[in-house]
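Here the structure comes first, spelled out in structure tokens, and everything after it is commentary.
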Amino acid sequence: MDDHGVSVRVLVNNATGEGSWLAEHGLALWVKVASANDVLSILFDTGQTAEVLTHNAGILGLEWQTLGAIILSHGHYDHTGGLVAALRRCGRRTPVILHPDAFLPKLKTVPALRAVGCPHRPEQLEEVGTVLATTGPVSLGEAVRTSGEIPRVTPFEGPEEFQTLRAGQVERDEMRDDLALFVTLEGDELVVLTGCGHAGVVNTVRHGLALTGASRLRAVIGGFHLNRASEERIRQTVEALRELDPEIVVPLHCTGDRAAAELWQAFGKRVTFAHVGSEIRLY
């Protein structure tokens with residue numbers, strides 16, 4: 001990398017290119033943020049299984065001991081399954097940043113009731129890492145921070161089909177544990193990384209711009225959770241993103257083919273269709 005910029009390597013995703021990569025339903029991104037004085041490495045989500053995460057990391061020759069932090073975008077199995085394995089490979093008590101609700105039981109009701117929560121207990125993580133469970137943003141450096149809880153202000157966005165267990169009662173899961181990662185480049189340009197974007201990708205980007213004070217949306221990368229969305233919601237999402245005017249759009253994981261096609265129609269070559277092993281570099 002150059003002295004300044006960010007590199008995002010796709011470690012886990014639903015699709016893979018040619019080669020010996022492994023793919024699965026899930027997401028993990030290895031993020032390196034370089035400044036004049038430092039290089040910060042972050043693992044954003046950990047995929048569904050340790051096998052896929054560590055296999056792909058091995059092909060890339062990534063050095064686990066360089067990780068400064070692991071961030072969990074939310075508490076679903078396909079973003080948390082490789083967490084304990086990743087922590088063990090770090091060889092030290094690496095910080096894990098997440099929302100407290102990430103540990104709640106997570107249930108999906110479509111097409112039938114099933115558990116979709118994190119497969120690890122909090123005490124398992126504490127044995128090999130340091131858990132930072134907070135509802136607010138966490139700064140990892142001058143230009144890198146987590147979102148904290150994302151305000152829900154866009155009327156057409158919101159979580160669907162999920163429930164949780166709280167105080168012995170099953171209730172709708174509003175997915176308050178949904179987090180994003182914000183990186184500010186020189187020139188006040190914002191890079192937004194989402195896991196599934198359960199809070200809504202538009203809500204997430206608007207929150208990022210307000211939180212960081214960035215003046216331009218350079219890139220939005222990750223899952224946009226539009227795979228089961230209505231045509232109307234996809235249309236409204238694309239129109240709102242048009243107004244936000246990102247230079248680069250990278251739809252991954254749960255974005256869905258219909259939404260990806262609409263994004264391509266709207267943004268053309270600004271859209272990058274990445275897969276396991278892909279690298280997105282921004283300076």
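Values in this text are rule-based calculations from the coordinates and carry no lab data. Given the structure is predicted, the values throughout are model-derived calculations rather than measurements. Counting neighbours? That spans all protein chains shown, and the Cβs are built from the backbone with ideal geometry, glycine included.
Just a few scattered comments:
- Shown for W64, W264, W30: other C-beta atoms within 10 Å of each C-beta, ranked fewest to most, produce the order W264, W64, W30.
- Look at the alpha carbon pairs under 8 Å that are at least 6 residues apart: their mean separation over the length of segment 1-128 gives a relative contact order of 19 percent.
- At R0 = 51 Å, FRET efficiency that the Cβ-Cβ distance of A115 and K269 yields, to 0.05: 0.80
- Estimated FRET transfer efficiency (L22, E247; beta-carbon r; R0 25 Å; 0.05): 0.25
- Cα pair distances in segment 1-88, grouped into 10 Å bins until the bin that holds the longest one, percent each: 18, 51, 26, 4
- Here's the list of aspartates and glutamates a cross-link from K32 could span, going by alpha-carbon distance under 20 Å and ignoring same-chain residues fewer than 8 apart: D2, D3, D45, E63, E142, E186, D188, E189, E247, E279.
- Rounded Å value of the spacing that divides the Cα centres of segment 1-77 and segment 149-208: 20
- Footprinting exposure proxy for L132, L98 (fewest neighbouring C-beta atoms within 10 Å first): L132, L98
- Within the chain, longest stretch clear of exposed trypsin sites (Lys or Arg not before Pro) (DSSP loop, no more than 16 other Cβ within 10 Å): 94-227
- Amide hydrogen neighbours beyond the local backbone of L179, cut-off 5 Å, H modeled: H74
- Of I150, I71, I59, the one that fluctuates the most in a GNM where the chain has Cα springs shorter than 10 Å: I59
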